[in-house]
1. Using the heavy atoms of the protein chains and a 1.4 angstrom probe, tell me the accessible area per residue for the stretch 92-206 in square angstrom.
2. Run through all the Cα pairs of the stretch 520-592 and give the fraction in each 10 Å bin from 0, expressed as whole percent.
3. Within 10 Å, count the other beta carbons around each residue, average over each peptide in 401-411, 259-269, and list them highest first.
4. Please work out the Cα center distance from the stretch 76-119 to the stretch 196-222, rounded to the nearest Å.
5. Cα-Cα over 23 Å: which of K515/K546; K64/K530; K539/K590; K57/K309?
6. At 25 °C and a viscosity of 0.890 mPa s, what translational diffusion coefficient does Stokes-Einstein give for the stretch 172-229, taking Rh as the Kirkwood radius over Cα pairs? Give it in µm²/s as a whole number.
7. Starting from the Cα of K587, draw a straight line to each of the aspartates and glutamates and keep only those under 20 Å, dropping any in the same chain fewer than 8 residues away.
8. Can you give me the solvent accessible area of D352 with a 1.4 Å probe, rounded to the nearest 10 Å²?
Amino acid sequence: MAPGVALAGAPGASAQTTTPTAAFCSGESLISYKLRNGAKWEMCWGHHSLKGLVISKVAFQGPKDTAPKLILDAINTVQMNVPYDNGAIEYDDVLQYGFGGNYLKGLDVSECPDGELRNATVNWETSTSVYREEVRPALCIREDDTGTAYRSQYRSNSQILAKQGTDLIVSATAAIGNYEYEMRYSFHDDGQIDANLGATGEAIPFGEGYQNGWPVGTGEADFLMNHYHSAVWRVDFGLDGQAQMKAEQWDTAPTGQRGSQSAIYNTTKTDLPTEKALNLSNRRWFRVLAPASLNADNHPRSYEFVYGKNDPYSSYPHLKYELAFSQYRACEQFPMRNMTAVAGCGDKTTLDYLDGENLTNPVAWVNVGFHHVPRDEDQSPMPIHWQGFSLYPRDWHSNNSQAPAVRSAWNGRNMPAAPTPTPSATATATATATATATATATATATATSTATATPTTMATPTTTPGATATPTATTTPPPAPATRTSAAAETGEATATLQVGPTAARKATASVALKLANGKASVTVLTGGKAAAGKVALKVNGKTVKTLTLKQGKATAALPKLRAGAYKVTASYLGSTTTWAASTKAKTLKVK
């Protein structure tokens with residue numbers, strides 16, 4: 001963990017520690033979450049006065065894995081510069097202000113739908129040198145749908161092998177001036193990691209014309225000025241806890257020759273044995289691998305960098321490159337004006353870090369720029385716009401980590417056809433088939449069947465020309481995973497069987513009651529009629545003034561001293577791994 005990072009709970013490991021993450025943090029600072037498909041993510045979270053949200057010791061356990069494996073030692077935003085196109089203004093939102101401290105904002109339950117809020121204790125010094133400290137529900141943890149994870153009918157005996165995916169979203173928000181930034185990390189059920197920074201808030205008109213802005217409002221009287229959002233992430237790898245890692249560059253290029261139907265392309269690998277600054281190009285990609293950590297196919301586990309649209313702000317020398325790899329040094333924390341007291345390490349840029357060291361413990365500096373040309377729709381509030389990158393697992397498993405059982409044997413050229421679907425419930429069917437003999441022995445049959453619990457019915461009639469046959473329906477125990485069949489199966493029509501994953505675990509809903517009397521606030525939280533456990537944020541006029549711990553579903557606290565006037569008081573239950581967050585309607589408190 002980098003210096004200055006505050007964990008949300010006391011770190012430490014118990015005698016029962018079994019994972020690389022739990023050995024590093026515990027309590028409220030530990031996130032351990034199992035997604036609907038059975039995949040599990042573990043990580044520690046904390047907050048830094050400049051970096052804001054810091055995620056560390058990230059480990060993934062696939063649905064079929066027996067234990068989690070470490071992927072990242074740490075990941076966080078380390079730069080967000082906002083230079084305006086007229087050259088007169090530039091804000092350094094990380095190093096000048098910071099994504100933490102008083103800029104790290106408390107969230108409302110509406111900002112974390114069906115999720116869990118966790119508290120951060122933030123502190124700052126006011127302009128009059130007064131030390132302030134406040135507990136805020138700053139972190140949102142929630143599972144979100146991602147759409148189709150896979151679908152296949154190839155060699156499947158008419159079964160539809162399909163699955164919907166989810167990811168774990170961990171996010172926090174910082175507000176600096178008129179901009180508000182969401183630091184969002186998405187951890188997918190297949191091991192993919194997305195790092196994104198979203199900018200919203202307000203766009204303030206002060207452009208000068210089309211040469212550096214865009215008109216908003218009536219006519220062309222007011223312009224919003226074009227500007228950059230120049231973001232850099234620091235990614236510290238720890239693949240499977242290995243001490244020796246490598247970085248590679250891969251390029252695919254046309255040979256200038258053609259095969260029988262298309263152009264011939266060749267792919268080549270370039271090892272990156274020492275620190276280096278790099279740029280993207282068509283058909284170029286990079287990965288970090290752990291040579292000694294092998295999957296079941298004897299391939300080294302690795303993670304690949306995947307960029308979307310990227311417009312780097314290249315007016316700083318260190319931002320001319322979209323990716324740089326440096327050897328890990330604890331004092332190298334920021335890509336410019338490195339703020340550290342370590343002798344010989346301060347006030348440096350990424351390029352200063354690249355001094356020829358061997359690359360065995362790589363830290364990646366990921367540069368993603370967004371040039372914002374405003375539009376009318378940016379007022380108001382401004383719709384959020386995103387920039388970021390992804391880390392894809394490459395050979396982390398020997399095949400699709402969430403594949404259905406019928407695909408478990410698929411590997412390389414071994415691609416056995418799926419077994420014939422079998423019924424999922426006991427069924428009885430009576431069918432009458434009438435066959436007519438012709439010279440080509442063509443038979444016509446009309447079948448009627450009755451089934452229970454939507455089974456798949458297989459009837460085998462025995463027919464002779466001019467005879468009536470009564471088939472017998474047979475059933476077998478259901479396969480794993482479970483199957484669903486359409487009504488067409490009951491009529492003997494061709495049908496496809498949908499392979500469905502495990503039923504998603506559903507959280508309980510909470511009811512929150514608030515009573516104000518004698519200068520105190522009393523809160524009761526119930527879930528399913530029973531006392532809930534967890535924490536409640538007590539808010540006055542939308543600002544969290546106290547965080548209460550429930551005991552047998554109840555908590556009471558004295559209200560802060562308030563001046564005469566009317567105040568809106570609410571109690572927000574912050575949720576848990578088994579219960580959704582919830583909030584009361586505001587109650588009016590009149591102080592005379």
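1. Using a 1.4 Å probe on heavy atoms only, each residue of the stretch 92-206 averages 39 Å².
2. With a bin width of 10 Å, the distribution comes to 20, 52, 22, 6, 0.
3. Packing order, densest peptide first, comes out as 401-411, 259-269.
4. Cα centroid to Cα centroid, the span is 20 Å.
5. Correct reply: K64/K530; K57/K309.
6. Reported coefficient: 179 µm²/s.
7. By straight Cα distance, K587 reaches D108.
8. Approximately 80 Å² of D352 is accessible to the 1.4 Å probe.
The values are calculated or read from the model by the stated rules, or taken from the named source; none is laboratory data. For clarity, every value in this text was computed on a predicted model and none was experimentally measured. Every residue, glycine as well, gets a Cβ built from its backbone with ideal geometry; the counts of neighbours run over all protein chains shown. Areas reflect the complete protein model, heavy atoms only, side chains present, ligands, DNA and RNA absent. Shrake-Rupley method; radii C 1.70, N 1.55, O 1.52, S 1.80 Å.
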